[in-house]
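Trainee: I am attaching a structure below and will ask some questions about it afterwards.
The values are calculated or read from the model by the stated rules, or taken from the named source; none is laboratory data. This one's a predicted model, so the numbers in the text were calculated from it and none came from an experiment. A quick note on method: Cβ atoms are made from the backbone with ideal geometry, for glycine too, and the neighbour counts reach across all protein chains shown.
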Amino acid sequence: MFTREFVADPYPAYAYLRDHAPVHRTTLPSGVEAWLVTRYADARQALADPRLSKNPRHSEQAWKQGKVGVPGEQRSGVGAHLLNLDPPDHTRLRRLVSTAFTPRRAEAFRPRVQELTDRLIDGFAARGEADLIHDFAFPLPIHAVCDLLGVPAEDQDDFRTWAGMMIRHGSGPRGGVARAVRHMRGYLRDLIHRKRAVLRDHASGDAADDDLITGLIRASDHGEHLTEDEAAAMAFILLFAGFETTVNLIGNGLLTLLTHPEARAGLQREPDARIAPAIEELLRYDGPVELATWRFTTCDTPIGDVVVPAGEPVLVVLASADRDPRRFADPDTLDLGRADNPHLAFGHGIHYCIGAPLARLEGQIAVTTLLRRLPDLALAEPAEELRWRGGLIMRGLQRLPVVFRAEAVP
């Protein structure tokens, strides 16, 4: 597992594990031993089980010492975020940001996402070729989430650079990732100070900008007890988790459509009617997050037919659960009109992805706009020759080269 061949197509291996070892202890590339949960019913149970903690302090001694894995993130100063916390801290912090990610707020963001989408396509439409990861799927969510957080436009290219370093080098604050995290952490703390000063200046005058970081500061200053580290960590995880998942949603989804011409043609005929269920099926079929983030048993915990001992890392394999024939009919078949589709691509339980409404909106707009403006879009290389970025959490394409009939320059 975790070879280049596995990353390119992990689904046969997951099918084997579901049938023969659905809760399986394996050694990860980092040297950490962890349990993989591969069946849908077991995955759904584990994602909502309070005996599985998100706090790395519940893990084995090697993790506690921060030699490998998640604890390195704690040293970066941005570890106190939603993905690493249990109630009551998780409940408190999630409440602070939940209003920014409702379907209604996401829908209000639609004009801005559409504007960004069209602007990016304008940048390559006249060339007749593009790399849809570098030119489209990567910059779109970066600029969208920066706008949502309140990062000034003149600083957003810096975030694109830092985000690129993190994607290229994988997860975990090592090497180039460590430098990117330090830059981002320092910038976010400075931005919080500047926005707090703006709020003080507007205390008796006009309202300050209504962005997410400003909202976090307001909540902190009105008794919600949000520390500066928590605010910076919250902004960091919303930025990072809010963009890489969407990069992969758009990239993986477009590749799936380009390799399933009949499904794509149906979507192009009726985009408005079909796009919502189509995005859900693309999320299920080849979703952006392969494994849910780390969990740790706080006591001996039954998962399926296995009792996982206390203090063990557990990874729920979302990509496998969403191809489980025990839950989905013909799971390896793409069905853009699939009605019964309770996929786990955004997780389940209290850690369900808070940015899901925005990710869905971005995916819908990105796919429909691209197929409308460039209807003859085609792969520039055979699909089997494309390279994938594999990690322990995300799975996405390194590049997606395409050709099309160039748009006339206005």
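Trainee: Of the residues that make up segment 250-268, is at least one surrounded by fewer than 16 Cβ atoms within 10 Å (Cβ to Cβ) and of a type in the set (A, V, I, L, M, F, W, C)?
Mentor: yes
Trainee: Would you be able to tell me the number of residues in segment 61-90 that are modelled with pLDDT of 55 or more and loosely packed, with under 13 Cβ neighbours inside 10 Å?
Mentor: 3
Trainee: Moving on. Yes or no: segment 359-379 includes at least one residue that is within 25 Å of residue 10 (Cβ to Cβ), of a type outside the set (A, V, I, L, M, F, W, C) and over 23 Å from the mean Cα position of the chain (by Cα).
Mentor: The answer is no; no qualifying residue exists.
Trainee: Sort out which residues of segment 359-410 are among the polar types (S, T, N, Q) and at pLDDT 95 or above, and write them in order of number.
Mentor: 364, 368, 369
Trainee: What are the residues in segment 270-300 that are surrounded by fewer than 19 Cβ atoms within 10 Å (Cβ to Cβ), closer than 22 Å to residue 361 by Cα and out of contact with any helix residue (DSSP H, G or I) (no Cβ under 9 Å at 6 or more places or on another chain), if any?
Mentor: Once the filter is applied, which keeps residues that are surrounded by fewer than 19 Cβ atoms within 10 Å (Cβ to Cβ), closer than 22 Å to residue 361 by Cα and out of contact with any helix residue (DSSP H, G or I) (no Cβ under 9 Å at 6 or more places or on another chain), segment 270-300 yields 270, 273, 277.
Trainee: Just to verify a result, which residue in segment 91-102, among those that are among the β-branched types (Val, Ile, Thr), modelled with pLDDT under 80 and part of a helix (DSSP H, G or I), is surrounded by the fewest Cβ atoms within 10 Å (Cβ to Cβ)?
Mentor: It comes out as 99.
Trainee: Right, next: Can you report the number of residues in segment 103-142 which are assigned to a loop (DSSP other than H, G, I, E, B) and within 17 Å of the chain's Cα centre (by Cα)?
Mentor: 1
Trainee: Does at least one position in segment 334-342 carry a residue that is modelled with pLDDT of 95 or more, of a type in the set (Lys, Arg) and either in a helix (DSSP H, G or I) or touching a Leu at 6+ places or on another chain (Cβ under 8 Å) (or both)?
Mentor: no
Trainee: Follow-up. Please find, among 219, 232, 208, the residue that is out of contact with any Ser or Thr (no Cβ under 9 Å at 6 or more places or on another chain) and either surrounded by fewer than 23 Cβ atoms within 10 Å (Cβ to Cβ) or modelled with pLDDT under 70 (or both).
Mentor: Within the list 219, 232, 208, the selection yields 219.
Trainee: Can you pull out every residue in segment 1-41 that is of a type in the set (Asp, Glu) and either under 22 Å from the mean Cα position of the chain (by Cα) or assigned to a loop (DSSP other than H, G, I, E, B) (or both)?
Mentor: Result: 9, single match.
Trainee: Step by step: first the residues of segment 114-132, then only those that are out of contact with any Pro (no Cβ under 9 Å at 6 or more places or on another chain) and in contact (Cβ under 8 Å) with a residue 40 or more places away in the chain, then the one that is surrounded by the most Cβ atoms within 10 Å (Cβ to Cβ). Which residue is that?
Mentor: Ranking the qualifying residues of segment 114-132, first place goes to 117.
Trainee: Just for strands (runs of 3 or more DSSP E) wholly inside segment 237-333: which have at least 2 residues that are more than 20 Å from residue 83 (Cβ to Cβ) and under 19 Å from the mean Cα position of the chain (by Cα)?
Mentor: Filter on segment 237-333 gives an empty set.
Trainee: To continue, here is another question. Is it fair to say residue 282 is within 24 Å of residue 381 (Cα to Cα), touching a strand residue (DSSP E or B) at 6+ places or on another chain (Cβ under 9 Å) and of a type outside the set (Val, Ile, Thr)?
Mentor: For residue 282, the condition - within 24 Å of residue 381 (Cα to Cα), touching a strand residue (DSSP E or B) at 6+ places or on another chain (Cβ under 9 Å) and of a type outside the set (Val, Ile, Thr) - is not met.
Trainee: Any residue at all in segment 381-392 that's farther than 28 Å from residue 163 by Cα, part of a loop (DSSP other than H, G, I, E, B) and among the acidic types (Asp, Glu)?
Mentor: No, that holds for no residue.
Trainee: Right, something else. Here are some residues: 280, 270. Which one is among the acidic types (Asp, Glu) and touching a residue at least 12 places away in the same chain (Cβ under 8 Å)?
Mentor: Result: 280 is the single residue among 280, 270 that is among the acidic types (Asp, Glu) and touching a residue at least 12 places away in the same chain (Cβ under 8 Å).
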